[in-house]
Amino acid sequence: MTMRVPVGYIPLVDAAPLIIARELGFDEEEGLQLDLYRAPSWSALRDYLALGHVEAAHLLAPLPIATALGLGGSAQPLEVLSVLSLNGNVIGLSPAVAGQLRRSGHRFGFDDATAAGQALLGLDQPLRVGIPFPFSMHAELLFYWLDAIGLPQDRRPSIHTVPPPLMAEAMAKGEIDAFCVGEPWGTMSVENGVGELLLPGQAIWQSAPEKVLATRHGWADRHPDIAGRLIRSLWRAGRWLGQAQNMTTCAEILSRPEHLGVSPDLIDRALSGRLVISARGEERQVPRFVDFFEGAATFPWQSQAAWIGVQLARRHGGDPVKAAERAKSVFRSDLHRQYLAHVTRGLPGASSKLEGALSHPSALGSENGRLILPPDSFFDGRIFDLEQIA
């Protein structure tokens, strides 16, 4: 008997595992039917999940951790069963601000966060920056970057919350000067002539957990059979997405009106990492711009959760050590490993690692010894070590 599971998402390229699992029948292979509900904003989607309107959701990686730390006003604790995607964000500027940077000599290399940061330091006014939600990797990457380049307090940006599909419109109306957003909405600003792309989020942290599969706390323990089927169906979808020959089909599926409702070409730019950064037609190639599968991309590393917890504690006032411990408990690496044990042996044997320590692909011990992790370095060379935090 097929079990129906309502799942919520925001129309972004990184919702692909959910959409592909439903459209290509990976959910049916596990005896599920995913009923997909498109939400208008991250706060609405969080509330859909908290109130039980959906049983699982495509969420910003920091959002369940912020909830566990008592931030954001939601009292319903959440858990993360899988990571749905790594990377996939872009930082963009209005044409006016981009013009200032070009006149100062910045070449928009798209891979050097230090050079881009130094160019921003030359601006004589704080920027109004649009992000999709206060508790998001958009915010965490942005603030980590600005802190590391030494942006003075009197030049800190003012933050404006803008739902992803409305980011280009907000730029066109002059409500913001810059943004950090997931694709295809940064590309949409370029297509509409109202924005230019400065950096991919990957230039700040090479393997940042972007979106996750979240459920209410305890739901997976109460419904282990459904949780296992859900994790496996999305893992199968991620594996399909990890094959380059499937990207054209994926772009066509995601472009449908009921999903993202934009041109397949705009979606293909993100999937291929071949981004157009300005109305001049300048292109930049970004390997692993968004990653759904390779290098255990779906694995919910507790060390990544701890990094997010520490950043939130430092920005919002809290004990970083306690925040790290609380955050680790949100990412259920134990369940992810358990429910995929009969599907793949290519999972990490540990649940934490040094974040930022890998500057090139590196082998990691797994059940069959064949797991290769991708680079995960931070642009400033720092390494996040849980033991040092403690």
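The values are calculated or read from the model by the stated rules, or taken from the named source; none is laboratory data. All values derive from a computational prediction rather than experimental measurement. Positions of Cβ are backbone-derived with ideal geometry, glycine not excepted, and every protein chain shown enters the neighbour counts. Heads up: the accessible areas ignore ligands, DNA and RNA and are worked out on the full protein's heavy atoms, side chains in. Shrake-Rupley method; radii C 1.70, N 1.55, O 1.52, S 1.80 Å.
Would you confirm whether any residue within the stretch 2-21 is within 20 Å of residue 299 (Cα to Cα), over 18 Å from the mean Cα position of the chain (by Cα) and crowded, with 20+ Cβ neighbours inside 10 Å?
Yes: the stretch 2-21 contains one or more residues that are within 20 Å of residue 299 (Cα to Cα), over 18 Å from the mean Cα position of the chain (by Cα) and crowded, with 20+ Cβ neighbours inside 10 Å.
Answer with yes or no whether residue 17 is out of contact with any Ser or Thr (no Cβ under 6 Å at 6 or more places or on another chain), assigned by TED's automatic domain parsing to the domain that holds residue 306, in contact (Cβ under 8 Å) with a residue 24 or more places away in the chain and more than 17 Å from residue 231 (Cα to Cα). Steps first, answer last, please.
Working: out of contact with any Ser or Thr (no Cβ under 6 Å at 6 or more places or on another chain): yes; assigned by TED's automatic domain parsing to the domain that holds residue 306: yes; in contact (Cβ under 8 Å) with a residue 24 or more places away in the chain: yes; more than 17 Å from residue 231 (Cα to Cα): no.
Here the answer is no, as residue 17 does not meet what is asked.
Report, by residue number, each residue of the stretch 288-345 that is of a type in the set (Val, Ile, Thr) and outside any helix (DSSP H, G or I). I'd like the intermediate steps shown before the answer.
First, pick out the residues of the stretch 288-345 that are of a type in the set (Val, Ile, Thr): 290, 298, 308, 310, 321, 330, 343-344.
290, 298, 343, 344 - these are the residues of the stretch 288-345 that are of a type in the set (Val, Ile, Thr) and outside any helix (DSSP H, G or I).
Sort out which residues of the stretch 280-333 are of a type in the set (S, T, N, Q), open to solvent by less than 50 Å² (accessible area, probe 1.4 Å) and free of Cβ contacts under 8 Å to residues at least 60 places away in the same chain, and write them in order of number. Break it down stepwise before answering.
Just the residues of the stretch 280-333 that are of a type in the set (S, T, N, Q), to begin with: 285, 298, 302-304, 311, 329, 333.
Adding the requirement that they be open to solvent by less than 50 Å² (accessible area, probe 1.4 Å) leaves 298, 302-304, 311, 333.
Once the filter is applied, which keeps residues that are of a type in the set (S, T, N, Q), open to solvent by less than 50 Å² (accessible area, probe 1.4 Å) and free of Cβ contacts under 8 Å to residues at least 60 places away in the same chain, the stretch 280-333 yields 302, 333.
Residue by residue through the stretch 247-265, note down the ones that are assigned to a helix (DSSP H, G or I) and open to solvent by 50 Å² or more (accessible area, probe 1.4 Å).
248, 249, 252, 264, 265
Which condition from (1) loosely packed, with under 14 Cβ neighbours inside 10 Å; (2) in the same structural domain as residue 203 (by TED's automatic domain parsing); (3) touching a strand residue (DSSP E or B) at 6+ places or on another chain (Cβ under 6 Å); (4) not hydrophobic (A, V, I, L, M, F, W, C) is the one that residue 361 breaks?
The number of the failed condition is (2).
Kindly indicate whether any position in the stretch 48-67 is surrounded by fewer than 19 Cβ atoms within 10 Å (Cβ to Cβ), within 22 Å of the chain's Cα centre (by Cα) and closer than 19 Å to residue 12 by Cα.
Yes, the conditions are met somewhere in the stretch 48-67.
How many of the residues in the stretch 70-85 are over 17 Å from residue 54 (Cα atoms) and open to solvent by 10 Å² or more (accessible area, probe 1.4 Å)?
The qualifying residues number 4.
Working only within the stretch 338-357, note down all residues that are closer than 13 Å to residue 374 by Cβ, open to solvent by 30 Å² or more (accessible area, probe 1.4 Å) and in contact (Cβ under 8 Å) with a residue 40 or more places away in the chain.
Once the filter is applied, which keeps residues that are closer than 13 Å to residue 374 by Cβ, open to solvent by 30 Å² or more (accessible area, probe 1.4 Å) and in contact (Cβ under 8 Å) with a residue 40 or more places away in the chain, the stretch 338-357 yields only 353.
Residues are listed down the side, and each one gets a yes or a no for (1) under 22 Å from residue 191 (Cα atoms); (2) among the acidic types (Asp, Glu):
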| residue | (1), (2) |
| --- | --- |
| 29 | no, yes |
| 34 | no, no |
| 65 | no, no |
| 70 | no, no |
| 73 | no, no |
| 85 | no, no |
| 98 | yes, no |
| 104 | no, no |
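Among the residues in the stretch 31-45, are any of a type in the set (A, V, I, L, M), under 23 Å from residue 137 (Cα atoms) and open to solvent by less than 10 Å² (accessible area, probe 1.4 Å)?
At the first step, the residues of the stretch 31-45 found to be of a type in the set (A, V, I, L, M) are 32, 34, 36, 39, 44-45.
Add one more test, that the residue is under 23 Å from residue 137 (Cα atoms), and what stays is 39, 44-45.
Those left that are additionally open to solvent by less than 10 Å² (accessible area, probe 1.4 Å): 39, 45.
Yes, the stretch 31-45 has at least one match.
Could you identify the single residue in 92, 88 that is closer than 15 Å to residue 211 by Cβ, modelled with pLDDT of 95 or more and within 17 Å of the chain's Cα centre (by Cα)?
88
Determine, yes or no, whether residue 327 is among the aliphatic types (A, V, I, L, M) and within 29 Å of residue 108 (Cα to Cα). Even if it seems obvious, please write down each step before you answer.
On the way: among the aliphatic types (A, V, I, L, M): yes; within 29 Å of residue 108 (Cα to Cα): no.
The answer is no for residue 327.
Considering the stretch 150-168 alone, what residues qualify as being assigned to a helix (DSSP H, G or I) and more than 22 Å from the chain's Cα centre (by Cα)?
Filtering the stretch 150-168 down to residues assigned to a helix (DSSP H, G or I) leaves 153-155, 164-168.
If the condition is that a residue be assigned to a helix (DSSP H, G or I) and more than 22 Å from the chain's Cα centre (by Cα), then 153, 154, 155 are the ones that fit.
Out of (1) outside any strand (DSSP E or B); (2) in contact with a Phe, Trp or Tyr (Cβ under 7 Å, 6 or more places away or on another chain); (3) not assigned by TED's automatic domain parsing to the domain that holds residue 61, what's the single condition that is false for residue 130?
(1)
For the stretch 27-119, give me every one of the helices (runs of 4 or more DSSP H) that falls completely inside it and has 2 or more residues that are touching a strand residue (DSSP E or B) at 6+ places or on another chain (Cβ under 9 Å) and over 29 Å from residue 376 (Cα atoms). Steps first, please.
Values: elements: 42-50, 62-68, 95-103.
Fully inside the stretch 27-119 and qualifying: 42-50, 95-103.
With respect to residue 96, determine if the residue is out of contact with any Pro (no Cβ under 8 Å at 6 or more places or on another chain), open to solvent by 10 Å² or more (accessible area, probe 1.4 Å) and touching a residue at least 12 places away in the same chain (Cβ under 8 Å).
Numbers: out of contact with any Pro (no Cβ under 8 Å at 6 or more places or on another chain): yes; open to solvent by 10 Å² or more (accessible area, probe 1.4 Å): yes; touching a residue at least 12 places away in the same chain (Cβ under 8 Å): yes.
Judged against the criteria, residue 96 is a match.
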